[in-house]
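Some notes on the structure that comes next.
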Amino acid sequence: MVELLFEDIFTLTRLDPDGKKFDKVTRIEARSEQFDMSMQLDVNTEVYPLHVGDKFTMVLAPTLSLDGTPDSGYYTQGQRKSLADKFEYVMHGKLYKISEESSGPNVKVELYASFGGLLMMLKGDPSNATNFELDQRLFLLMRKV
Amino acid sequence: MMQEKLRCTKEPYIEDVGPRKIKSIRFSTFSGEDIRKLAEVQVWNNRIYDLNLKPIENGLLDPRMGAPNRQTECATCHGNFTDCPGHFGYLKLILPVFNVGYFNSILNILKCICKGCGRILLDETLRKTYLKKMRNPKADILQKNALMKIIRDKCKPCRCLRCGYANGVVKKARSGLYFIQDFSKTADPSVEEFRSALSHTKDKTSFQVSHVLSAVAVLSLFRKMLDEDCELLNLYDRPEKLIVTHIAVPPVSIRPSVIVDSGRSSNEDNITSILKNIINTNSILREDLEGAAPPFKCLDCWTHLQIQVVEYINSEAPCIPDSKHRGLVQRLKGKQGRFRGNLSGKRVEFTGRTVISPDPNLKITEVAIPILMARVLTYPERVSNYNIEKLRQLVRNGPSKYPGANFVLRPDGSKVHLKYVDKRDIANELKYGYVVERHLEDGDIVLFNRQPSLHRMSIMCHRARIMPWRTLRFNESVCNPYNADFDGDEMNLHVPQTEEARTEALMLMGVQNNLCTPKNGEILVASTQDFLTSSFLVTRKDTFYDRASFSLMCSYIGDAMDPIDLPTPALIKPIELWTGKQLFSVLIRPNANTRVFLNLIVKEKIYSKSETMCPSDGYVYFRNSELMCGQLGKATLGNGNKDGLFSVLLRDYNPHAAASCMNRLAKLSARWIGNHGFSIGIDDVQPGENLNQQKRKKINEGYRECHELISSYSKGQLTLQSGCNAAQTLELKITGVLNQIRSTAGNVCMNELHWRNSPLIMSQCGSKGSPINISQMVACVGQQSVGGRRAPNGFIDRTLPHFPISSKTPAAKGFVANSFYTGLTPTEFFFHTMGGREGLVDTAVKTAETGYMSRRLMKGLEDLSIYYDQTVRTANGSIVQFVYGDDGMDPAKMEGKDGIPLNLDQLFMKVMATCPLREQDTLSPAEILHTLDDRLSKYDTTPEGGCSAAFKKMLSDFLHKHAAAFSNIRRALQLDENHVQKKDSSVLESVAANISGISAKQLQVFLETCIFRYHSKKIEAGAAIGAIGAQSIGEPGTQMTLKTFHFAGVASMNVTLGVPRIKEIINAAKNISTPIITATLVSDRDVISARMVKSSLEKTVLGEVAKAIKIVLKSSQPYIAVKLDMERIEALHIRISSQSVQQAILNHPKIKLKPEHIRVLGNNNLKIYPPEADRSKLQFELHSLKAVLPKVIVKGIATVERAVINNTNGVYNLLVEGTNLLAVIGTPGINGSKTKSNHVIEVQQTLGIEAARQCIINEIQYTMRNHGMSIDARHMMLLADLMTYRGEVLGITRFGISKMKDSVLMLASFEKTAEHLFNASYNGRNDQIEGVSECIIMGIPMQLGTGILKVRQRVEQLPELTYRPDPIIC
């Protein structure tokens, strides 16, 4: 079985915090229920529209194969059975930066990933960042609940 | 056995010495005898052709002087027109005449010698000491010339000590070319006697006691001179050679005679016609002398002859009114003259020139050459085993069919033109060793050039691509170095003809090897215009492509030849979509075999905040060749950036990686934008309703503000700014308000425009245009300025008659409120043209000025180069710098800002990304520093190992900072700062490692890369660093706009900047237009003390501090009473008392008073009595004194115009306008050790030569920085060192350069050609052909660059060294 790096249910709190800049892409701000993580994510809202107040499950996985075979980095076509089948919106990208933010009383870790230029920033407790490594290939899977 | 050739007894024996090279040239003079011996024929006949148009014997075109045309041959050597260089003839003058070139030298000699016996007019001891000095072998030419001047001044006309002849003063005659000896000043009793005798005559004709020194007299005097005396006058040869007795008639070939009018008459060269006149006059003079004509007629004739000989030598001499001929000097001098036109620049074959056009499908290293051109330009290819079949086919094709050949050269030297022979025969005849001059083919090496060639990248080596049609084409990325556009520009092409030349061209001048400018190390060959626009659009966050279109884009990247790995789509569900950024990642690294891992961070123009999460996507981050975020624009892809994409590729990988990436980008962009379409229309500049409203509001607000300012000005209520009067303050404030209007209008319009607006896109990505341009089109054109001010008054007190008199409203002074879209009102239009004309005039003036400046810089610096001991030396080996630029680094290879060798941040990021941490353990901060210290103690990081201390410090600072940051993070995560545990020991440990951990391997790689790269950035020996420096300073000059800038902080103070300022610095001008002394104060946070110092610096005249200056007329003694205004003096913080005023008056140069004339009465009263004089003049004395007294400077420095207090963040300093640094430093309250001046010469006089050097560097840098140009400091150091290395500040002008260099040829090819040549032959100068100019003139490879190497042969037995002078006869 594939080992998921992160899984939680998020509630969308805000769209485009700095104003709308792009036609097809919206930056969403969301907060998770279980781990109390906050997230900024660029979503192609043209193909997957989202609204404030939407709840969705977000999963980060290292591979899409159900048996946990690591991702080769090359894209194989075809309609194989995969993790993606259960989700509505799937992106592929790379973790490029891990940094810490120590403004508050407790330290938070920020994880940055880029899905071909669509960025994600996941901020939360350091304990949630254990599985992540720099330059890791990531699949982001989303499903509205 | 060779058969001994029967040798004719009359034939002179000439030893065959093999090839010879010119080692040096000595300039000297010919005597008449020498000329006669050299000549083949005496020329005396004034007729040139006989009736059958055959040259007459002993005429000016005597066939013995060389072949006059192709049909005839030389009568002396029997060579034809091409072989025979020609032979000289001679022309004997009946009476000697002066040579105009030596006229001043002759005058100097005459001044020094006795006109009776020809000996020098010095006593014996003085003569001996000077002779000793003159014979000093260490004295150089400059010293000798200076000594000669001293000797000349020492030689006073007096009675000769040896023969007793009374010498008069030698002068030039007022008219005509002769000397007169004036006895009027010599105290000769006979003169007095004569004068008294003459005074009795009624005739009041003024008489002159003078004596003409004719050429004959001077010649006989010179013959009498002793050799020793000649030596004393720095004469290399006998002085009589300075006088013309014989004229060498130049060969016919240099003064060709053209037969016109179908053989009935001929057109003679200027030289021939002048010589013909000389022959005529000469023969008339001879007849006159022989026929005993009256003496005045002979004299007339002689003067005439003299003038004609002068014309022959220099037809522009002052004694020749308006000559229609070109003399010998005219042939040499000037831009088209022999020196600059033919010797320094030579015409070449195998060149082409035509219009250029762009072609993005070409590689950046290629140039497309039209077939038409390729058929004419050929390359001689030697036949060998490998190309014989190819060349046979080319020969068979011949000259007219494209891949063909024009000539075949046989090994015996015969040359066959393929047009006139059977091509098949020749093709079959081809053997190894033949040379075929074949047409240019793909891949051939050509040099490509566009004028003006301002820097070395203006001529680069490309590979040829033969293409149809008629233009030369190249990739747009290469426009920048050539500064080319395609509005009709033409460019030149040269084809190197040997393998050596081709290799050298490719290695040194290849486009790939010149991607960076040596000016500052920025990349120059980079994407421009459309490439930037399309990259910007492709990498937008919301460009998505489906499989089909993404694959199509990928195929655009190459020529469908190279494999491409399709990446996983960024969006897998609901549909597969790739983003534009992924396309760019493919472009950088098309497949896994391309081992390019690009790591880079750039902030684009649109960047706003929060690094990678920038909402407008302006933070470009490449990680291992994947574009993580950021929209690419000019900062990443364009030129003029040091950490852009191509620069990083070039530094981290190689030129090829950068070049091929540029090729791919060019192809993709051109094809993409061709499909996408990008144009501009009227709707792009139509402002919206909102914008119109806001603009109207802003303009109304601004106008209201201006009106308020004007009304408060007219009421006199304006608060003045420091150092300004009311009018200036008003101007400044209004200008500020108006500029504010335009910039806010611009901002509004940038915000209002839709993102698809084409001008907006272009300005955002940096391909063309600025926000100002857009807002001018859409919103508001803004204030028009002429000469840095608002529009001037062309009418009486107003700009145009449409406005009321002395109106200062925005509209009346050139504010254009309309946009180009709405259209300008007539007055606005007129103001706009005023601004536009200034720009045009400016460019026209600037080009000429900077061109001359570049030429001078080049002449000054051309022969500086790096030697193998890292020193910078001139051609004759004198050292200018011990280490180039203080660290011996190559400016072209500098990666960091301000000429720092490495950009450590970027390099560190690359190392961290390319060799990942993986399973390795991280080092603790202490371990990091330990490794660093270990590495820095090795040999190659020591100064002896060639590593500068600055670099070591930079490296260790960087790692210390990193270690500190790491321990901060560990502290924040509540981990032990100094003890790093295994990575998998705890959650936090692994997070810390991920955030900024560094492993031993990573650190080692980082350090090794840094040190290796540092060493590879050393400048190579032989680099012509002088020429590069000259170009690096000259080229930016052409881009500078002529404007003055406000001095930092102080609005009213202007400094000259731009080309005029650079000119002042380079010329080492004695008077500069805005001398400013920046004085630091001892107590620099105290305004009161600053004011006190200011008042003691500024000059205060008596008139300003005196309450009254009155004339008091009393019967006893009239005087002038001066009463000082003590209140005012105290208010101004000036320390003035009546005593100091007394001193000041006494010191005034124009008032000649003695202390007893000024009586001090108390603290504030003075009485000034005029000096004793007769009473009639007393009134005048008093009044003139009264007029002068108010102008007496009682306090301050006379040369200081004013001083302004400058406040920068609470620190006060003084800006003193004016000169006299010494006095300013000496003023109490000023920190002398931190006080600077911008006047180079004054700094040299006050603080010395090293300070002057630093001043030159600082001033050039300051000027360049103000124009937004960055130039590596090393170039400025070199220039400053060259200007100061002689111990005095020498300007890069003809005077300075002639003191720096001692090569005659170089100086003659610069300026004042004839003067230098005549002086050189007078002094017998010897030119060792060492410098660049001399070598080019003589056609010898120069000693720079690749010429620094010499092939030497090992000699079996070393010659025995002797420590004694060479024997005289050996």
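A few remarks follow.
- Long-range amide H partners of residue B:819 with built H, under 5 Å: B:781
- For region B:529-676: lysine pairs under 21 Å (alpha-carbon distance), excluding those fewer than 8 apart on one chain: 19
- Subset of A:21/B:897; B:1099/B:1236; B:715/B:808; B:335/B:859; B:111/B:133 violating a 22 Å alpha-carbon distance limit: A:21/B:897
- Solvent-accessible area buried by A and B, counting both chains, probe 1.4 angstrom, square angstrom: 4300 Å²
- Percent of beta bridges antiparallel (DSSP, region B:348-509, rounded to nearest 5): 75 percent
- Segments B:725-737, B:365-377 sorted - mean Cβ within 10 Å per residue, highest first: B:365-377, B:725-737
- Positive-pole candidate from B:486, B:1002, A:48, dipole of the protein assembly as shown, charges at beta carbon: B:486
- Length added when fully stretched, residue B:708-residue B:965, from 0.36 nm per residue minus Cα-Cα: 87.0 nm
- Considering only beta bridges that DSSP places wholly inside chain B, some 90 percent are antiparallel.
- Span per principal axis, largest first, for the Cα atoms of chain A (Å): 44, 34, 26
- Computed from point charges on the beta carbon alone (+1 for Lys and Arg, -1 for Asp and Glu), the dipole magnitude for chain B about its Cα centre is near 3280 Debye.
- Charge tally around residue B:743: other residues with Cβ under 13 Å, Lys/Arg +1 each, Asp/Glu -1 each, net +3.
- Over region B:738-873, accessible surface divided per residue gives 46 Å², non-protein components excluded, 1.4 Å probe.
- By average C-beta atoms within 10 angstrom, highest first, the peptides B:1325-1333, A:48-56: B:1325-1333, A:48-56
- FRET efficiency for the residue B:1112 to residue B:1133 pair, using the beta carbon distance and R₀ = 25 Å, is estimated at 0.20.
- Modelled spin labels at residue B:1176 and residue B:720, positioned 7 Å past Cα toward Cβ, are 4.9 nm from each other.
- In plain terms, if you count all Cα to Cα distances in chain B and split them into 10 Å steps from zero, the share in each step is 1, 6, 10, 14, 17, 16, 14, 11, 7, 3, 1, 0, 0 percent.
- Computed FRET value (nearest 0.05) for residue A:52 with residue B:807, which takes r as the C-beta separation and R₀ as 60 Å: 0.55
- An ellipsoid equivalent to the protein assembly as shown, defined through the eigenvalues of its Cα gyration tensor, has semi-axes of 71, 52, 33 Å when rounded to whole angstrom and sorted largest first.
- Taking each residue as 0.36 nm, the span from residue B:425 to residue B:227 lengthens on full extension beyond its C-alpha to C-alpha distance by 64.1 nm.
- Convex hull of alpha carbon positions in region B:902-1016: directionally averaged projected area 6.7 nm².
- Within the accessible area of chain B (1.4 Å probe), percent carbon and sulfur: 54 percent
- As a fraction of the 1.4 Å probe accessible area of chain A, surface on carbon and sulfur atoms comes out at 48 percent.
- The label-point distance for residue B:829 and residue B:1198, in a model that sets each label 7 Å from Cα toward Cβ, rounds to 5.7 nm.
- Since only B:1100, B:1039, B:460 are under comparison, the one whose Cα sits farthest along the positive direction of the charge dipole of chain B, derived from C-beta charges on Lys, Arg, Asp and Glu, is B:1100.
- Region B:884-910 residues near the modelled residue B:1021 label - backbone nitrogen below 15 Å, point 7 Å along Cα→Cβ: B:884
- By the Kirkwood approach, averaging reciprocal distances over each pair of separate Cα atoms, region B:339-400 gets a hydrodynamic radius of 15.3 Å.
- Overall form of region B:1100-1195 per C-alpha gyration tensor (a/c, 1.5; a/b vs b/c): prolate
- Cross-link table B:519/B:768; B:1070/B:1152; B:138/B:1301, entries beyond 27 Å C-alpha to C-alpha: B:1070/B:1152
- CD proxy at 222 nm, helix term only [per DSSP H run n ≥ 4: -39500 (n - 2.57); per residue of chain B; nearest 500]: -12000 deg cm²/dmol
- Extension gain, residue B:793 to residue B:300: 0.36 nm times the residue separation minus the Cα-Cα distance gives 171.3 nm.
- For chain B, the residue among B:1144, B:1365, B:538 whose Cα projects farthest onto the positive side of the dipole built from Cβ charges is B:1144.
- Protection proxy ranking, peptides A:87-97, B:671-681, B:617-627, average beta carbon neighbours within 10 Å, highest first: B:617-627, A:87-97, B:671-681
- Summary of the geometry: region B:837-888 and region B:325-341, compared by the centres of their Cα atoms, lie 26 Å apart.
- At R0 = 56 Å, FRET efficiency that the Cβ-Cβ distance of residue B:974 and residue B:1083 yields, to 0.05: 0.70
- Span-like helix ranges in chain B, DSSP H, alpha carbon extent 18 angstrom or more, Kyte mean at least -1.0: B:141-154, B:270-290, B:295-313, B:655-676, B:726-752, B:826-861, B:949-972, B:1000-1016, B:1025-1039, B:1175-1188, B:1249-1266
- Distance in nm between pseudo-label sites at residue B:740 and residue B:1326 (7 Å out along the Cβ direction from Cα): 7.5 nm
- Minimum 20 Å² accessible area buried by the other protein chains, region A:46-72 residues, probe 1.4 Å, relative to alone: A:47
The values are calculated or read from the model by the stated rules, or taken from the named source; none is laboratory data. All of these numbers come straight from a predicted model, not from anything done at the bench. When we count neighbours, we look across all protein chains shown, and the Cβ atoms used for this are built from the backbone with ideal geometry, even at glycine. For the accessible areas, the whole protein counts, side chains as well, though only heavy atoms, and no ligand, DNA or RNA atoms are used. Shrake-Rupley method; radii C 1.70, N 1.55, O 1.52, S 1.80 Å.
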